[in-house]
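Notes for the one structure printed next.
The values are calculated or read from the model by the stated rules, or taken from the named source; none is laboratory data. Worth saying up front: this structure is predicted, and the values here are computed from it rather than measured. Counting neighbours? That spans all protein chains shown, and the Cβs are built from the backbone with ideal geometry, glycine included.
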Amino acid sequence: MNTATIRPALAADWPAIADLLTRYDLPLDGAQTHLADFVVMVDATDALRGVAGLERYGRTGLLRSVAVAEQGGGVGAALVHHLLEEAKATGITQVVLLTTTAADYFPRFGFRRIDRQAAPAEVTASVEFQSACPASATVMQLDLMAS
């Protein structure tokens with residue numbers, strides 16, 4: 001991973017990001033609209049190794065679209081850590097996510113399951129909550145003030 005770089009996502013990255021999200025059946029709804037809130041990890045040839053987004057809703061962040069080209073290399077963890085540090089530095093106090101497949105992955109970062117009804121109102125108006133993710137998705141929250 002020493003030749004990989006995390007940088008803001010660019011419009012030119014969208015086709016590769018969309019392909020990666022589609023490979024993992026992650027929703028595309030709202031992702032391109034919020035592309036400025038995404039980061040990518042690229043290798044020395046600028047090939048996409050992973051992507052993650054953190055949509056901002058006031059002091060609440062919505063972590064979404066965490067996907068990697070190859071699992072097991074620490075790319076996903078590096079992207080999540082990067083976004084959580086960025087969130088703290090920019091005044092976000094809590095981060096929420098929805099997942100249908102990775103509820104066992106996110107506790108390592110401090111996320112805990114919450115009831116959907118307990119999710120902060122700011123994020124429940126997002127495309128992720130309204131239509132992109134099914135009502136059966138697990139909702140998780142991280143309090144950045146406590147970490």
**OP:** Filter the range 38-59 down to residues that are modelled with pLDDT of 95 or more and of a type outside the set (A, V, I, L, M) and give me whichever is nearest to the chain's Cα centre (by Cα).
**Re:** 53
**OP:** Filter the range 64-89 down to residues that are without any contact (Cβ under 8 Å) to a residue 12 or more places away in the chain and more than 19 Å from residue 16 (Cβ to Cβ), then give me how many there are.
**Re:** 3
Subject >> Enumeration of residues in the range 31-46 that are part of a loop (DSSP other than H, G, I, E, B), touching a helix residue (DSSP H, G or I) at 6+ places or on another chain (Cβ under 8 Å) and surrounded by fewer than 20 Cβ atoms within 10 Å (Cβ to Cβ) >> reply: 32, 33
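Going by the conditions given, is residue 36 in contact with a Pro (Cβ under 9 Å, 6 or more places away or on another chain), among the small types (Gly, Ala, Ser) and touching a residue at least 24 places away in the same chain (Cβ under 8 Å)? Give the derivation first.
Numbers: in contact with a Pro (Cβ under 9 Å, 6 or more places away or on another chain): yes; among the small types (Gly, Ala, Ser): yes; touching a residue at least 24 places away in the same chain (Cβ under 8 Å): yes.
Answer is yes for this residue.
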**OP:** Quick one: in the range 121-147, of everything that is within 13 Å of residue 111 (Cβ to Cβ) and assigned to a loop (DSSP other than H, G, I, E, B), which residue is modelled with the highest pLDDT?
**Re:** 144
Original post:
Does the range 114-126 hold any residues that are among the charged types (D, E, K, R) and under 14 Å from residue 62 (Cα atoms), and which are they?
Top reply: 116, 122
